[in-house]
Amino acid sequence: MTAALALSGVTKRYDSFALQDITLSMPEGQIMGLVGVNGAGKTTLLRILSGLARADAGTVEVLGHAMPAQQVAVKKELGFASEDMRLYKSQTLRWHMDFIRSIYPGWDEAYATDLLRRFDLRPEQTLAGFSHGQRVKALLLLNFARRPKLLLLDEPTTGLDPVARDEVLQALADILRDDARSVLFSSHNTRDIEQLADTISFVHQGRLLASKDKESFLDDWRRIICQGTWPADEHAWPEIAMTRQNGSLLELRVRQFSDGLLGRLQAQGLDIRSAEAMSLEDIFVTTVRAGGAA
Amino acid sequence: MKRFELNLPMIKHLVAKDWILFQKQLAAYVTGGIFALCLIGMAKGWSFYLGSLLLLVVMVGISCFSISTSLLVERKEHTLAFVMSLPLTPLDFYLAKLLGNLVTFFVPFLLLSVGTLAVIAFTPLPDGLIVFSVLIFGFVTLAYSVSLSVAMAVESEGWNTFAMIGSMVLINPFIMLLGQIPEITHNVSTERVVWSVPAVAILLVEIVGSVAVLVATGWVHCRKKAFY
Amino acid sequence: MQAPATERGLYRGFPAVHTVHIKYAQWVAVSAELFLSTTDSTPMYQQIVDQITAKVMAGDWKPGQALPSIRELASASRVSVITVKRAYADLMLAGIIVTRHGMGSFVAESSDLPNDLLRAEFTQHFDAMLACAARLGITRHEIRQLLDDEQADPTPDTSGGSTP
C-alpha cells in the first residue's frame, strides 16, 4: 500500500513567512486533520502537496509520485479545494460539471446528481448568484463526484451554515467506506477534526508541532482542577502547559498526562478534584498560548 | 524538466474553455467592426472617418479585451487556482493561455483586417489605402504582442493598463509618422497598390517584432516550474 | 446462530465497484448507525462502547451476530475509523465482542451475555452505593432498614429490565 502522502524535510520560504523542515506522512485510507492558526502554514503545505507551489528543499511524494515532477499523474487522482478558489462567475454550475466531466474519466454523474440534491444546489444557476456557502459546496461537489484517491481540502466547512456543514461532513463520512481513499483537511472547526480525523497534525509558525493519531493525542491532554498552591516551578513539570490560580483553586492544563503525574501532584500537597479530557479546541488554544510547544 | 511532453488534450480543453467564455462579447465587437466596415465602404467623407475611427476602436478593444479577460480578470477573480488544480503542468498552462489569447485576438482581428482590405478593393475607395491599412494593422498586432507579454509577466493591474493604453494610444503618432513618409502618402489616394521600401521595412519590423515578443514571452514562461 | 449472509462480511470481500458498493453500503448502514454526539462530555469511543453494550444487553444484536465492519460503522456514524477501532478493542477486552482473524468482529457467543452485563452493572452500582454510604456514615443496619422501608412502599419500576 503506497502512502497517500510523504513529506520529508520540506522547506518553503516566502518574504515574510517560512515553512520549515516539515516531515509528515499519511498512509492510504485515512483522514488527517490539519490544525493551526491563520498564517501558520496550512495553506502553503496544501499548495505544496497539490503541486501549486514548489518546495525550496526536501522531498514531496503524493500517491507514490514525486512532486512536482509528476504532478500531472498525481492531479488526475487528486481533488483540491481551497478557500481562495473561485469558479467562473459567468458560467453555470452545470457548465463547470460538464467541464470537469470532460477532463476526468472518473466522474460519476449519478453521484453528482445525488450531491446536488443533498447540497441543495441548482445546476442551471450561474456562479455569480451563489452565496459563499453554495460556492464552497459547489467546489466540493466538483471534487467529490470524481471520486479522487486523495482529497486536499482547505477549510471545507468554514463559513457554512450548520445544515450545510452537516451535509459536507456526511459526504466526507461516505468517503470513509473506501479504504483506498484518503482525505487531508484543515479546519478551524476543530469539532470536525475531532470527529472525523484519524490523525491530527498541528502546524504553528511554519513548523509541524505534532502529528499523532487522534485518540492518543486527545488522551495525552487533561484539564486538572485541584486545590492548593502551585509551586511555580515550571522546570520540574514539563508536562504541564498552562496553570491558572484563583485563591485556593488551581487549574492545570497538562499536555503529557500519566497516572504517575497525578501521584506527583498529590505528593506536592495538591488535592485533586477532577482530571478531565480536553476538547481539541481547548488543546489548540492552550498550545498556541503556551508558546507553541506541543 | 520534460519540456516537450505537452498535455495536448488538456491544452485543447483550456483553449476551448477560454473561447467559450468570451464568445458573446467577442461577437459584439465583431458586429461593431462590421458596422464600421459598412461606414467605410460607403466611401463618403464623413462616413469614412467615422468608420475608420470605429474600426480602430473595435480592434483596440478586441486586443485589450482578449488580454484583460483571459489573464487579468482570471487573476482578480481567483479562478486561476481552479485551473491550476487540473491535471496539467505550468508549461501546459502558460502555453494554453498564450494560445487561447492568440486565438481570441487573431480570429476577429483577421476577420476585420481581411474585411477592411476587401472593402477597400471592391468599393470606390482608392486601393492605395491597402498599404496604409496593412501597416496600421501591423502596428495593432505589435502593440497587442507587447501588451500580452506584459500581462503574462506582471500581475499588477496598473502596469498592465499602462501597457495596453500606452501602446494603443501610440497609434496616433504612428499614423502621423506614416503621413510624413512621402513614398507612402504619395500612393494613398491612388488606385495603385505600391509596396515601397519604407512600407515594407515598417511591415517587416512589425511582424518580426510581434513574433519575437511572443516567442520570448512563451520561452520565459514555459520555463517556470511551479505556479506559485 | 448464523448471522445473515449480508452482515457476515460479504461487503468486505466486495470488489471496489464504487457505485454498487455505495448503494449496498447504504442498505447496510441502516443497521450500523449509532447516535454519537461531539458535544457530549463522554469521549466518542466510550459512547460507542456504551451504545453497543446497550444494544447487546437489549438483544438488538444477538450473541454470535456479526458486527458491522469498522469502516462501515465509522462511515454510518460519522466518526473516525480510529475511534471505532479503539471502541472495538475495548469491547473485546470486556469480553462483549470477539474478533476472528480475517472474518471481522462478532458479538460474544456467551448466551448469558446480556445478563452478565446487567449483573456487572448492578455490582458497580452496589459498590458505589456502599462507598457513598461509608462517606455519609450510614451503617449496614440503616441500609437494611431503608430496604425494608422500600419494600413496604415500593417506588414504581422505571425500566422494563433493559438499560435506560
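Per-structure values
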read-out	value
In region A:161-181, residue farthest from the other protein chains (Cβ to nearest Cβ) [restricted to those that are among the hydrophobic types (A, V, I, L, M, F, W, C), touching a residue at least 24 places away in the same chain (Cβ under 8 Å) and more than 18 Å from A:THR199 (Cβ to Cβ)]	A:ALA164
Residue count for region A:15-64, restricted to those that are more than 11 Å from every other protein chain (Cβ to nearest Cβ) and out of contact with any Phe, Trp or Tyr (no Cβ under 6 Å at 6 or more places or on another chain)	32
Selection count where residues are outside any helix (DSSP H, G or I) and within 17 Å of B:GLY218 (Cα to Cα), scope region B:82-97	2
Matching residues, region A:65-89, being more than 7 Å from chain B (Cβ to nearest Cβ) and surrounded by fewer than 17 Cβ atoms within 10 Å (Cβ to Cβ)	A:ALA66, A:ALA69, A:ALA73
Scan of region B:4-59 for residues that are aromatic (Phe, Trp, Tyr) and over 21 Å from the mean Cα position of the chain (by Cα), ordered by number	B:PHE4, B:TRP46, B:PHE48, B:TYR49
Contacts under 6 angstrom Cβ, first residue in region A:76-88 being over 9 Å from A:ASN143 (Cβ atoms), partner surrounded by fewer than 18 Cβ atoms within 10 Å (Cβ to Cβ) and modelled with pLDDT under 90, 6 or more apart	A:ASP84/B:HIS78; A:ARG86/B:GLU77; A:ARG86/B:HIS78
Residue list for region A:43-64, restricted to those being farther than 13 Å from A:ILE22 by Cβ and of a type in the set (Lys, Arg)	A:ARG54
Hey, A:SER90 touching a strand residue (DSSP E or B) at 6+ places or on another chain (Cβ under 7 Å), over 23 Å from A:VAL10 (Cα atoms) and either of a type outside the set (Val, Ile, Thr) or modelled with pLDDT of 95 or more (or both) or not	yes
Residue that is closer than 21 Å to A:ALA73 by Cα and out of contact with any strand residue (DSSP E or B) (no Cβ under 7 Å at 6 or more places or on another chain), where the choices are A:ARG47, A:ARG13	A:ARG47
From B:MET164, B:MET168, B:MET152, residue being in contact with a His (Cβ under 7 Å, 6 or more places away or on another chain) and either in contact (Cβ under 8 Å) with a residue 60 or more places away in the chain or assigned to a loop (DSSP other than H, G, I, E, B) (or both)	B:MET152
Helices (runs of 4 or more DSSP H) (entirely within region A:1-105) containing at least 2 residues that are under 15 Å from the mean Cα position of the chain (by Cα)	A:42-50
From B:LEU21, B:LEU91, B:LEU56, B:LEU80, residue being closer than 30 Å to B:THR123 by Cβ and either at pLDDT 85 or above or within 14 Å of another protein chain (Cβ to nearest Cβ) (or both)	B:LEU56
Failed criterion for A:LYS137 (all others in (1) under 26 Å from A:HIS188 (Cα atoms); (2) in contact with a helix residue (DSSP H, G or I) (Cβ under 7 Å, 6 or more places away or on another chain); (3) at the interface with chain B (Cβ under 10 Å from one of its Cβ atoms) hold)	(3)
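Quick grid of which residues meet (1) crowded, with 18+ Cβ neighbours inside 10 Å; (2) at pLDDT 85 or above; (3) among the aliphatic types (A, V, I, L, M):
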{"position": "C:ARG86", "(1), (2), (3)": "yes, yes, no"}
{"position": "C:MET92", "(1), (2), (3)": "no, yes, yes"}
{"position": "C:SER110", "(1), (2), (3)": "no, no, no"}
{"position": "C:LEU118", "(1), (2), (3)": "no, no, yes"}
{"position": "C:HIS125", "(1), (2), (3)": "no, yes, no"}
{"position": "C:MET129", "(1), (2), (3)": "no, yes, yes"}
{"position": "C:CYS132", "(1), (2), (3)": "no, yes, no"}
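Quick grid of which residues meet (1) more than 11 Å from the chain's Cα centre (by Cα); (2) in contact (Cβ under 8 Å) with a residue 60 or more places away in the chain:
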{"position": "C:LYS55", "(1), (2)": "no, no"}
{"position": "C:GLN65", "(1), (2)": "yes, yes"}
{"position": "C:ALA87", "(1), (2)": "no, no"}
{"position": "C:THR99", "(1), (2)": "yes, no"}
{"position": "C:ASP116", "(1), (2)": "yes, no"}
{"position": "C:GLU121", "(1), (2)": "yes, no"}
{"position": "C:ARG135", "(1), (2)": "yes, no"}
{"position": "C:GLN145", "(1), (2)": "yes, no"}
{"position": "C:GLN151", "(1), (2)": "yes, no"}
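The values are calculated or read from the model by the stated rules, or taken from the named source; none is laboratory data. Everything numeric in this text was worked out from a predicted model, so none of it was measured. Virtual Cβ from ideal backbone geometry, glycine too; neighbours counted across all protein chains shown.
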